[in-house]
Amino acid sequence: MPLPKPGSEAGAAALDRILRRPADAVLSFDFDGTLAPIVSDPRDARAYPGVTAELSRLAPLVGRLVIITGRPAAVAVEYGGLAEVANILVLGHYGLERWEDGHVTAPDPPAGVGLVREELPELLRRSGAHEGTRIEDKGRSLAVHTRGAADPDAALEAVRIPLAALAQRAGLTVEPGRRVIELRPTGMDKGAALASVVADSGEGAAVLYAGDDLGDLAAFDTVERLRDRGLPGITVCSGSEEVA
């Protein structure tokens, strides 16, 4: 099957560079919505069939293969079967966690995460959260999902302002997504995580980033900034039925 044609000259040039010099390439992917389908309950997410095998084939050919996800790194590794992929790097919690060779390294979560964990259930009750709204505790952050509500978009709007206020009190960042709002530590995003990986890979690298949600926009922006500095880069949007 032929490769899809990139939508820009810059993207086409980057893809050509990656194909000609894969050992210099950084290939980076989001997990949910990119390597795994979007599901109603995030605990049910698993990588698409064949993904792990394809990543295993790809890893020894490229300079760096990295997954950048909002999930805890170890969870993405488990749900994706990524421990089977040699030389893969998994950056969890938007880059705060680093999984490599079976080990996770990360700073301690800020105190604000504990505050949110304590107050969030009562906040949702007082805010009139719709039935089907649920909390996902990621350890270093907490997310509120509304895919299980009868009207997921209205359910998200019902809690948006109260969650923003709680995040401000807790000193956390609000990370919006499709039918989810996450309250997470500040100071890191997928763009900063990707920039760090590229910097560690040397000046000759070309970069690809594939993602599907609002949290991936920072990584897309990083690819654009790297292009401005002369480094070939291509972005891939992974679509789903939730994307208009």
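The separation of the range 162-227 from the range 54-89, counted between C-alpha centres, amounts to 18 Å.
Using C-alpha pairs below 8 Å separated by at least 6 residues, the relative contact order for the range 1-148 is 17 percent. Here the convex hull built on the C-alpha positions of the range 149-244 has a volume of 110 cubic angstrom per residue. If you bin all the Cα-Cα distances of the chain at 10 Å, starting from zero, the percentages per bin are 7, 31, 35, 20, 7, 0. Remark: relative contact order (the range 141-227) = 27 percent; criterion is Cα-Cα distance under 8 angstrom and separation of 6 or more residues. Structural descriptor for the range 24-110: relative contact order 26 percent, calculated from alpha carbon pairs under 8 angstrom and at least 6 residues apart.
The charge dipole of the chain, taken about its Cα centre with unit charges on the Cβ atoms of Lys, Arg (+1), Asp and Glu (-1) only, comes to about 240 debye. Sites counted here are GluC sites (Glu not before Pro) in a DSSP loop (not H, G, I, E or B) having no more than 11 other Cβ atoms within 10 Å; the longest part of the chain that contains none of them is 1-130. Under 5 Å from the amide H of ILE38 lie the amide H atoms of GLY33, each residue being 5 or more positions distant or on a separate chain, with H modelled from the backbone and absent for Pro and chain starts. Among the protein heavy atoms of the range 95-244, carbon and sulfur supply 50% of the accessible surface, probe 1.4 Å, non-protein parts ignored. Take the Cα of ARG126, step 7 Å toward its Cβ, do the same at ILE161, and the gap between the two points is 1.5 nm.
Compared with the direct C-alpha span, the chain from GLU78 to ALA154 gains 24.1 nm at full extension, assuming 0.36 nm per residue.
With R₀ fixed at 22 Å, the C-beta to C-beta distance from VAL104 to ALA53 puts the FRET efficiency at about 0.40.
The values are calculated or read from the model by the stated rules, or taken from the named source; none is laboratory data. Just so it is clear, the structure is predicted and the values come from calculations on it, not from any experiment. Glycine gets a Cβ as well: all are built from the backbone with ideal geometry, and neighbour counts include every protein chain shown. Only protein heavy atoms, including side chains, enter the accessible area calculation; ligands, DNA and RNA are left aside. Shrake-Rupley method; radii C 1.70, N 1.55, O 1.52, S 1.80 Å.
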